[in-house]
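Chemist: Got a structure here, written out as structure tokens. Questions coming.
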Amino acid sequence: MTARSHADHAHRRDAVAALAWAVVSAGGLLLLLGPVARSEGVQVAPLLTASVVAVAVAQCLLLVLRHRRPLVTLALVSVLQAGLLAVLPADTSLQGAGLLVAAYTAGTLLPGRRLVVAVTASVAVQAVGLAAAAPGPGAALLAAAGAATTTSAAAAVGGWVALRRAHQRSLLAAAAAQVEHQAVLARTAVAEERTRMARELHDVAAHHLSGIVVQAGAAERLVDTDPERAKAALRELREQGRATLRDMRSIVGILRASADASAAGQQDDDGGGAPVPGLAQLPALVESARSAGDSVEARWSGPEVVLPPLADVAVYRTAQEALANARRHAPGARVVLAVTTAADRVRLEVESEVRQGSAAHPGQPGPVSRPGLGLTGMRERADLVRGHLDVGMTGRGTWRVVFEVAVPAVPVAEAHP
């Protein structure tokens with residue numbers, strides 16, 4: 001519904017209500033000034049009856065403006081009320097429904113200070129009419145107090161209703177804001193989960209598929225000249241494929257366990273018990289790289305430590321991506337993977353040779369230009385565990401990845417040499 005149609009609807013509603021109040025007021029006054037008055041032995045002149053009914057009907061018809069012009073409506077109704085009080089007998093006081101409804105509507109729409117001024121002016125106008133008909137100051141003052149009480153009470157009720165409506169609107173607005181906040185959190189969680197899935201899939205696929213490509217190329221070159229070595233390369237190709245499947249199933253298990261934990265309202269601890277790689281799997285990662293034809297030298301120093309799950313996975317995935325990058329951009333080049341542990345930190349360093357004419361490493365100028373998705377994943381993991389990542393060329397002409405994470409780790413035993 002548009003603003004104009006809503007305003008037209010409200011205007012029609014006010015018109016119907018004003019007409020209804022006019023009919024009810026006219027009927028009630030005719031009954032009160034006619035049969036009821038005669039039953040009490042009071043004879044009201046027909047002209048007075050007609051005048052009172054006409055003023056009351058006019059007051060009610062003015063209510064058609066009450067929502068659009070509440071202040072004007074109250075002022076006009078108050079003037080008619082003063083005229084009505086002026087023509088009534090001295091011992092008679094009458095307040096029609098029009099005045100009470102106008103005061104109530106003013107209370108619902110006008111701010112506090114303007115409402116006080118409007119009610120005070122209305123009472124003052126009514127007091128003028130009461131003073132004209134009252135036999136003395138005392139009677140006029142008493143009648144004015146009664147008019148002030150009824151008018152103020154109607155306005156106060158309207159003000160209370162306005163406060164209740166404002167409170168309800170604030171509650172609805174707060175509820176809507178909360179719903180929007182929850183929607184933003186849900187969208188953020190979905191985006192983070194998508195990033196997590198993309199990072200995991202990229203790490204696994206980049207490592208294994210790059211090995212598969214290297215082994216396939218080696219098998220192709222050796223199939224005619226050295227069938228036995230070609231067969232060995234194909235066997236390694238098959239093992240790489242199986243390892244890829246295993247890691248993919250592990251990722252699916254992690255994600256599925258996380259989804260089940262979320263659905264059950266439980267805390268997700270990065271896997272819910274599903275096997276995840278970490279520091280303990282780095283020797284197997286090195287052996288896998290060597291089996292794929294990489295020349296990898298591993299160096300271990302410091303005590304064996306136990307890392308939190310996220311930090312543990314971050315170290316492993318960073319090493320995995322660094323080895324995959326070395327294989328992708330400089331196949332067969334010498335790579336040194338060094339892990340240094342201490343009681344409060346773990347440092348991973350992967351340094352690889354850069355051969356002339358080979359494809360550039362991600363972030364390094366060269367013949368290949370493409371987004372460094374692997375480096376993006378490394379940085380995201382480092383940020384996630386509040387670690388430090390340093391990637392780039394060294395002064396020796398090698399490419400180095402350094403990842404450090406400071407975590408509370410408990411030394412278990414001296415690491416293997």
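Chemist: Can you give the Kirkwood hydrodynamic radius of the stretch 3-177 from its Cα pairs, in Å with one decimal?
Modeler: One decimal place: 17.3 Å for the Kirkwood radius.
Chemist: Magnitude of the Cβ-charge dipole of the stretch 3-177, K/R +1 and D/E -1, about the Cα centre, nearest 20 debye?
Modeler: Approximately 780 debye in magnitude.
Chemist: Could I ask something else about it? Normalised by the number of residues in the stretch 3-177, what is the relative contact order in percent for Cα pairs under 8 Å and 6+ residues apart?
Modeler: That works out to 21 percent.
Chemist: Taking θ = phi - 60°, what integer Hz values does the Karplus form 6.51 cos²θ - 1.76 cosθ + 1.60 yield along the stretch 285-298, in sequence order, with x for Gly and Pro?
Modeler: Computed from phi, the couplings for the stretch 285-298 are 5, 5, 5, 4, 5, 5, 5, 7, x, 7, 9, 10, 10, 9 Hz.
Only the coordinates and a few stated rules stand behind these numbers; no lab work does. Computed from a predicted structure; not experimentally measured. Here Cβ is always computed from backbone atoms with ideal geometry, including for glycine, and neighbour counts include all displayed protein chains.
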